[in-house]
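Undergrad: Below you will find the structure I want to go over with you.
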Amino acid sequence: MSHDVLLETRGPIGLVTLDRPRALNALDLGMIRRIHPQLEAWAREPAVKAVVIRGAGGKAFCAGGDVRAVAASLGTPVPEGQSPLVRDYFQGEYGLNHRIHHFGKPYIAFVDGISMGGGLGLSFHGSHRVVTERLTFSMPETAIGFFPDVGGGWFLPRFPGEMGAYLGLTGTRANAADAMWLGYGTHHVEHSRLDAVLEALVSADWSTGSAQDVTTRLLASFATDAGPAPLRAHQPAVDRCFAADRVEDILTALSAEGTEWAEATRATLARMSPTSLKVTLRQLRTCRALSYDEVVRVEYRLSQALTERPDFREGIRAVLVDKDQRPRWSPATLAEVRDADVEACFAPRADDAFLPSPAPARG
Ligand code: QUE
């Protein structure tokens, strides 16, 4: 029996606690397979008015997906009758994100501490995202030869100007004030008040309006000002430099800026997988015009294509296993990445149609 996630019903509240603190609550397939059916049951149960998700351990909400296990599984043969983890994992994770996106009832994430990659997938798609002063968040996948998935193709293009391209390509970390400005956070609440918020949700009178309105009013009564967003200072430069449709043109624009920020940003991009950068920019431009469900299908294709490429295993090795932070990318330069290879990552796949049509919420 896995204790990596706690599932409880407290009166009108379904409560999910990610409880794998030694791995910063990184989301593995076992956790996904316990959370998804519980959300399904809560969606159908009229007595449950809202769901809260939080992380245990005080350091992280969720540091991402279990990319380490996926990478470790890639070389090993799969027993007959089983499907490979790389397929089950991403179908499971994106299927859970999709369930949250279409949940219907209030889904309230307490995003407190570290939230990266898969952590945004478990929070962004809900109706309410409570962020605290302890929040640090990022989409760091280009550092491991992957791409900003879990709906990054849907939420990054919705950030102001070119901020989504900047954050998705560079993996830059941002804070709670940034989250509020970008629209990741819907309410800023002090860390010390989270237990009181949960208690107030449990004892709330849910008959005074729609569950969404009751939740919004209750959270607003705890909310404080997050202050000015540090990222906002860079908005004009980000918009100048990240508007291009080719990564090479973004680097040229950064060179022309001649500022410390632009040089640091150039240096950051130079450390990322060249293939990841080109795939990610194309993902963000393509997905801008798509519905969320269409974005999930594109991202599933990319997850399968990029995990087949050498940069994914090399990135996991350099960042999460050996931690030498010196990946040897292949191809090693942007010039060597062929357009046809980028294009091929977006090709339809036989197992594309894995998304269920969620049943409507009741109650
Ligand atoms: C990019 C990523 C991830 C990452 C670092 C990156 C990611 C992920 C983790 C992670 C961090 C701490 C853990 C853990 C996993 O780091 O997806 O198990 O304890 O899960 O640069 O995409």
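The values are calculated or read from the model by the stated rules, or taken from the named source; none is laboratory data. Being a predicted model, the structure only gives us computed values, none of them experimental. With ideal geometry, Cβ positions are generated from the backbone for all residues, glycine too; neighbour counts draw on all protein chains shown.
Residues are listed down the side, and each one gets a yes or a no for (1) more than 19 Å from residue 283 (Cα to Cα); (2) within 16 Å of the ligand (Cβ to nearest atom):
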| position | (1), (2) |
| --- | --- |
| 318 | yes, yes |
| 321 | yes, yes |
| 332 | yes, no |
| 339 | no, no |
| 344 | no, no |
| 350 | yes, no |
| 356 | yes, no |
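Undergrad: If you don't mind, there's one more thing I want to ask. Does residue 142 satisfy the criteria of being over 20 Å from residue 220 (Cβ atoms), surrounded by 20 or more Cβ atoms within 10 Å (Cβ to Cβ) and polar (S, T, N, Q)?
TA: Values: over 20 Å from residue 220 (Cβ atoms): yes; surrounded by 20 or more Cβ atoms within 10 Å (Cβ to Cβ): yes; polar (S, T, N, Q): yes.
So residue 142 fits the description; yes.
Yes/no matrix, rows are residues, columns are (1) within 16 Å of the ligand (Cβ to nearest atom); (2) in contact with a Lys or Arg (Cβ under 8 Å, 6 or more places away or on another chain); (3) of a type in the set (A, V, I, L, M, F, W, C); (4) assigned to a loop (DSSP other than H, G, I, E, B):
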position	(1), (2), (3), (4)
129	no, no, no, no
137	yes, yes, yes, no
142	yes, no, no, no
148	yes, no, no, yes
154	no, no, yes, no
160	no, no, no, yes
168	yes, no, no, no
179	no, yes, yes, no
196	no, no, yes, no
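Undergrad: Any residue in the stretch 276-297 that is under 17 Å from residue 150 (Cβ atoms) sitting within a Cβ distance under 6 Å of a residue that is among the polar types (S, T, N, Q) and surrounded by 22 or more Cβ atoms within 10 Å (Cβ to Cβ)? List the pairs, counting only those 6 or more apart or interchain.
TA: Short answer, once both residue conditions are applied: 276/142; 280/142.
Undergrad: May I pose another question? Filter the stretch 80-108 down to the residues that are more than 15 Å from the chain's Cα centre (by Cα) and basic (Lys, Arg), then identify the one that is farthest from residue 41 (Cα to Cα).
TA: That would be 87.
Undergrad: Cβ-Cβ below 7 Å, separation at least six or inter-chain, first residue in the stretch 141-162 and touching a residue at least 40 places away in the same chain (Cβ under 8 Å), second more than 16 Å from the ligand (Cβ to nearest atom) and among the charged types (D, E, K, R): which pairs?
TA: Hits for this filter: 157/288; 161/239; 162/239.
Undergrad: Which of the following residues is modelled with pLDDT of 95 or more, charged (D, E, K, R) and within 24 Å of residue 177 (Cβ to Cβ): 285, 266, 240?
TA: Numbers: 285 fails: within 24 Å of residue 177 (Cβ to Cβ); 266 fails: within 24 Å of residue 177 (Cβ to Cβ).
Answer to the selection: 240.
Residue by residue, here is whether (1) surrounded by 15 or more Cβ atoms within 10 Å (Cβ to Cβ); (2) at pLDDT below 95 holds:
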position	(1), (2)
2	no, yes
8	no, no
12	yes, no
22	no, no
25	yes, no
29	yes, no
35	yes, no
49	yes, no
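Undergrad: Quick check on residue 103: is it surrounded by fewer than 21 Cβ atoms within 10 Å (Cβ to Cβ), at pLDDT 95 or above, under 23 Å from residue 218 (Cα atoms) and not charged (D, E, K, R)? So that I can check it myself, show each step before the final result.
TA: On the way: surrounded by fewer than 21 Cβ atoms within 10 Å (Cβ to Cβ): yes; at pLDDT 95 or above: yes; under 23 Å from residue 218 (Cα atoms): yes; not charged (D, E, K, R): yes.
Against the criterion (surrounded by fewer than 21 Cβ atoms within 10 Å (Cβ to Cβ), at pLDDT 95 or above, under 23 Å from residue 218 (Cα atoms) and not charged (D, E, K, R)), residue 103 qualifies.
Undergrad: Just to verify a result, which residue in the stretch 258-277, among those that are of a type outside the set (A, V, I, L, M, F, W, C) and touching a helix residue (DSSP H, G or I) at 6+ places or on another chain (Cβ under 6 Å), is surrounded by the fewest Cβ atoms within 10 Å (Cβ to Cβ)? Step through it out loud before you land on a result.
TA: First pass over the stretch 258-277, keeping only residues of a type outside the set (A, V, I, L, M, F, W, C): 258-260, 263, 265-266, 268, 271, 273-276.
Restricting the remaining residues to those that are touching a helix residue (DSSP H, G or I) at 6+ places or on another chain (Cβ under 6 Å) gives 265-266, 268, 273-276.
Details: 265: 24, 266: 18, 268: 16, 273: 29, 274: 22, 275: 28, 276: 29.
Result: 268.
Undergrad: Go through the stretch 198-233 and give me each residue that's under 23 Å from residue 17 (Cα atoms), outside any helix (DSSP H, G or I) and free of Cβ contacts under 8 Å to residues at least 60 places away in the same chain.
TA: Kept after step one, since they are under 23 Å from residue 17 (Cα atoms), are these residues of the stretch 198-233: 198-204, 206, 211-212, 214-216, 218-220, 222-223.
Retained after the next criterion (residues that are outside any helix (DSSP H, G or I)): 204, 206, 223.
The answer is 223, and nothing else.
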